[in-house]
1. Under a point spin-label approximation (7 Å from Cα along Cα-to-Cβ), what is the residue 177-residue 74 distance to one decimal in nm?
2. Of the options 204, 178, 214, report the single residue whose Cα projects farthest towards the positive end of the charge dipole of segment 173-217 (beta-carbon charges: Lys, Arg +1; Asp, Glu -1).
3. Rounded to the nearest 10 Å², what accessible area does residue 104 have for a 1.4 Å probe in the complete protein model?
4. Which net charge results for the neighbourhood of residue 154, defined as the other residues with beta-carbon distances under 15 angstrom from its beta-carbon, given Lys and Arg at +1 and Asp and Glu at -1?
5. Which value, in Å², gives the accessible area per residue of segment 103-180 when a 1.4 Å probe is used on the protein heavy atoms?
6. Tell me, what is the percent relative contact order of segment 70-223, built from C-alpha pairs under 8 Å that lie six or more residues apart?
7. Please list, in order along segment 183-194, the HN-Hα scalar couplings obtained from phi with the Karplus expression 6.51 cos²θ - 1.76 cosθ + 1.60 (θ = phi - 60°), rounded to whole Hz, x for Gly and Pro.
8. With every protein chain left in place and a probe of 1.4 Å, what is the accessible surface of residue 88, to the nearest 10 Å²?
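The values are calculated or read from the model by the stated rules, or taken from the named source; none is laboratory data. Keep in mind the model is a prediction, meaning the values are calculated, not measured. Here the Cβ is made from the backbone with ideal geometry for all residues, glycine too, and neighbour counts use every protein chain on show. Heads up: the accessible areas ignore ligands, DNA and RNA and are worked out on the full protein's heavy atoms, side chains in. Shrake-Rupley method; radii C 1.70, N 1.55, O 1.52, S 1.80 Å.
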Amino acid sequence: ACGRRMCGTSLALPESDMIQSLSSGMQAQWYRHEVLANNLANVSTAGFKQDNLTVKEGMVEPGPAGTMAAAAHSINHWTDFSQGAIHETERPLDVALSGSGFFVVQTPAGPRYTRAGALSVNAQGTLVSAGGFPVLGQGGPITVRSPKIAIGPQGDVQDDGQTVDTLRVVDFPKPYALVKESRGLFVPADVAVAPERATDYQVVGGALEESNVNAVRTMVEMI
């Protein structure tokens, strides 16, 4: 009765599925735009690591009654941990890491890890991060008593010529499975993963690691 036509095998998407597919694609592109905008907003943030994502459209498979059902778009989101350029500031409390590893800070939620090295000293004489969290040395939070502070290439913190502690620098297995938090902080995705002592690094005093965001490329991707 159908002649040479194929009965019940229409390849057209039902209107509801087409709308769902378009909605999924728009949401994925909106999310991508938000990620790029955040990267661009942090192009001047010391130690910032850019986020990247890929959007993949799901396979289109046969649906009920011979129709075609569209699967939702899948998003793969990850952080690019490549090193940013080292910029000399000549500020004694600025410190950068050349190579692998992270500084350790103590937060109310526990230890957190960062590449942002714009340090300062609070009213109690404790060395703190830009977010105000104590920076940890080998013996815990680092306390200084004079304004004559210098940080050496091995992370040794000198207070008026005397070494008071050494910055704690740790690393994790690669590829990093770290979750980004605010203020340039990271935490392991799996709380059971413990950091190891970093080995392949050098501490650069009087300098900061710049963001690894390429402003021009990011603007082009947004457009």
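1. Rounded to a tenth, the inter-label distance reads 1.8 nm.
2. The residue sitting most towards the positive pole is 214.
3. Looks like 0 Å² after rounding.
4. -1
5. Working: 3700 Å² over 78 residues.
Per residue, segment 103-180 has an accessible area of 47 Å².
6. Working: 300 pairs, mean separation 48.4, N = 154.
That works out to 31 percent.
7. Residue by residue, segment 183-194 yields 6, x, 9, 10, 9, x, 4, 10, 5, 7, 7, 9 Hz.
8. For residue 88, the solvent-accessible surface is approximately 140 Å².
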